[in-house]
Amino acid sequence: MAAPVSNVGISSGERSAFRCTSFQKKTRSRLIAIPGTRPSVQNGQLLVSTGVTSLDYLLGGGLAVGTVLLIEEDLYDSYSRMILKYFLAEGVVCRHELFVAAAQDNPNDILQELPAPILDDVAFPKPVEQPRLSCEPQDSLDAMKIAWRYQNLPKVQSALASSSRFGHYYDVSKTMEPEIRQAAKCHCFYFPDHPTQSSTTHSPMLQSYSALLKSLQEVIHREGFFIAAPMSKSRNILRVGLHSLGSVLWGDDLSCHDSPRHRHALTTFLYGLRALLRSSLSVAVVTIPSRLIQDSSLMGSITQLCDYAIALESFKGSERETNPLYKDYHGLLHVHQVPHLNCLASQLPDHKDLAFKLKRKQFTIELRRQRFFMLTHKMRDLIKCNEQSASKVRSDHPCQSSLKVSKILTCFWDIMG
Amino acid sequence: MFTELNSILNASPDSFTQGEFILVSVQHSDASFLIHHFLSFYLRARSRVCFLALVQSFSHYSAVSQRLGVNLTQAKDKGQLIFLEGLKESLSHLIPQEERTGSEAMDFLRDPAGGLRSLYQFVHSSLTHSGGGEMVEEEEAWGSPVLLVDDLSVLMSLGVSAGAVLDFSHYCRAMVCSQLQGNMVALVRCSSEEEEDEGDAEGSEWLRRGLTHQCSLTLHVQGLSTGYCRDIHGQVEVCWRKKQTSGSHTQKKLFQYKVHDKGASFFAPGTSSAVL
């Protein structure tokens, strides 16, 4: 198994040990206990899980509340969309509130595709608590599958177990049951539903972005996510998922021209988003079709205004898809930026040679096997195969073996990249 | 405050050159540790500091300064520190509301083409204004004024033209460095020269070059060209521009650095403890 996963296991072990001992970090008492969050080991920041445990590990334990994760989309937006869905699904399971905005698909469609949580080791709080669902027939609740081992456990204990849990596993081959999904409170922003008014200010922001920012601020105000809000009622986290910002569908021309007219629209929006998030208990994941944005300095300033930045580079449609070197993976993952929050030094992953893989049920990120190791193996195989074929055809075609040698060399250069 | 950097720059909180404009330029790296250094340095030197924090919140700076042994909240209460929290002030400008205006300093957000006059006026009033009004009787004598700007290139991301940013820094330098004999520290991000398009005449690289001519000391922070390394976080090129009677001449020194939990260490290239 790859290093990240095993390390995550260790850290969760430490965490449970930490809970059991009487020793407590001083900052811990000041933090608010919210289901699905935990304080960071390094700087006491409140963290939430992205839903992908291996990604959590790479980002220093999870996403800090009040920050933005930027995902640079892969070619067909299939894997970046999956991470976004993981992030939202984790919010549903932890009973966080969601805010989903999209211009391409209806946010409700995105919500319907959320992966099903694997709840064999933790029981989900039953939706009976929701008054909304109390009128539903009882048998629909009974139909909800809980692993047989845990079926007979007392309910109180199971509720406690779920609240202290950080990060869950999901089965991407199934979608989440509607009962679980509807239990979470969700705010949607579908851009085509919001007609744009004529602009009156000189603000560089686009109408679509300012409408989105305004709607997000309303939700934060109304639902009491502001940090300055009274502490009387129980606090919760708002998870914000913004899909494909900067695409043409948002009315943005970043991806169309070399020198776009609304060059500062997206950066100004991201600045406003950061301002909103820093003052509230919310965390955002933003996907951006970066491959369409030609100007790298513009992409640099976009990255700078987000906190975390990762890029997905899928092999789909590229020649790497058929390269034997990459046959175990579906794409590469680059961690571009990890923020320094409340501390001088940031915690960067030890290795940057990362790849992701979509297994039958699960999306994982792994350390790519070392190039040199792969190279020696590959060379040995090829030489062996070459010797065999050369011995076969030695008599008749001397040029064929030289063809093989050139094939080895091409492969060598392929591998060396 | 990093003592190693102090000895490189030949400065200490008790004695430092006045009237300097220090430019921190960053390329594909993070140089916020230098801003934290200068913030704690000048607060310890008992200077009156005006800090335009555009990219991070007050709580972030406060938490880091605490680790470096400086209490920002106290400094703010005493009137030593004037802190403009850009993120907080920007919201009321970015989200149109029924005439509930925030700080006038961030007026450029409404109309970036109008330039940064309001921001300059904020700096001017906060550094020249003597004392905080009602606290005059227990007013302490603060030293020379200091202007710290977190990130000038964020202003460009917000739609302000590079020319306007350059004008702003020139005005500030004229006031702080020449008129009041104080110091000024500004951070600017730039993309590498190859990346900069020819058509993009007023890009971040253009701004950096313009600022280089204004400043007296440049700290150019870069990531390692060979990529990320756990023991060496990057390199910093320190460049003094000294004006003498026989014209100006520059002196350069190159260091590699590593940022720790509570400080940073600087060493000559290739002499990292991980290598030796």
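The values are calculated or read from the model by the stated rules, or taken from the named source; none is laboratory data. Source: prediction; values computed, not measured. Neighbour counts are summed over all protein chains in view; Cβ atoms, including those assigned to glycine, are modelled from backbone coordinates with ideal geometry. All accessible areas refer to the heavy atoms of the entire protein, side chains included, with ligands and DNA or RNA removed. Shrake-Rupley method; radii C 1.70, N 1.55, O 1.52, S 1.80 Å.
Of everything in region A:350-379, what is among the hydrophobic types (A, V, I, L, M, F, W, C) and either modelled with pLDDT of 85 or more or open to solvent by 80 Å² or more (accessible area, probe 1.4 Å) (or both)? Give them in sequence order.
Of all residues in region A:350-379, those among the hydrophobic types (A, V, I, L, M, F, W, C) come to A:354-356, A:358, A:363, A:365, A:367, A:372-375, A:379.
A:LEU354, A:ALA355, A:PHE356, A:LEU358, A:PHE363, A:ILE365, A:PHE372, A:PHE373 - these are the residues of region A:350-379 that are among the hydrophobic types (A, V, I, L, M, F, W, C) and either modelled with pLDDT of 85 or more or open to solvent by 80 Å² or more (accessible area, probe 1.4 Å) (or both).
Where residues in region A:274-285 are among the aliphatic types (A, V, I, L, M) and within 18 Å of the chain's Cα centre (by Cα), which of them is surrounded by the most Cβ atoms within 10 Å (Cβ to Cβ)?
As a first pass, look at region A:274-285 and keep what is among the aliphatic types (A, V, I, L, M): A:275-277, A:281, A:283-285.
Right, trim to within 18 Å of the chain's Cα centre (by Cα) and you get A:277, A:283-285.
Values: A:LEU277: 23, A:VAL283: 28, A:ALA284: 26, A:VAL285: 24.
Residue satisfying both the conditions and the ranking: A:VAL283.
Which is within 14 Å of chain A (Cβ to nearest Cβ) and in a loop (DSSP other than H, G, I, E, B), of B:SER62, B:SER29?
On the way: B:SER62 fails: in a loop (DSSP other than H, G, I, E, B).
Result: B:SER29 is the single residue among B:SER62, B:SER29 that is within 14 Å of chain A (Cβ to nearest Cβ) and in a loop (DSSP other than H, G, I, E, B).
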Practice prompt. Hey, can you tell me all the residues within region A:320-362 that are free of Cβ contacts under 8 Å to residues at least 12 places away in the same chain and outside any loop (DSSP other than H, G, I, E, B)?
Written response: A:ARG320, A:GLU321, A:THR322
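Just to be sure before I move on: is A:LEU332 at pLDDT 85 or above and in the same structural domain as A:SER244 (by TED's automatic domain parsing) in the structure I sent?
Details: at pLDDT 85 or above: yes; in the same structural domain as A:SER244 (by TED's automatic domain parsing): yes.
Yes: the conditions hold for A:LEU332.
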Practice prompt. Tell me, yes or no, whether region A:244-261 has at least one residue that is assigned to a helix (DSSP H, G or I), in contact with an Asp or Glu (Cβ under 7 Å, 6 or more places away or on another chain) and within 30 Å of A:SER49 (Cα to Cα).
Written response: no
Discussion item. Given the condition open to solvent by 10 Å² or more (accessible area, probe 1.4 Å) and over 19 Å from B:LEU87 (Cβ atoms), answer yes or no: does some residue in region B:48-58 qualify?
Written reply: yes
Practice prompt. Go through region A:304-338 and give me each residue that's open to solvent by 20 Å² or more (accessible area, probe 1.4 Å) and within 14 Å of chain B (Cβ to nearest Cβ).
Written response: A:GLN304, A:HIS334, A:HIS336, A:GLN337
Worksheet item: Checking A:LEU292 against (1) touching a residue at least 60 places away in the same chain (Cβ under 8 Å); (2) away from chain B (no Cβ under 14 Å), which single condition isn't satisfied?
Response: (1)
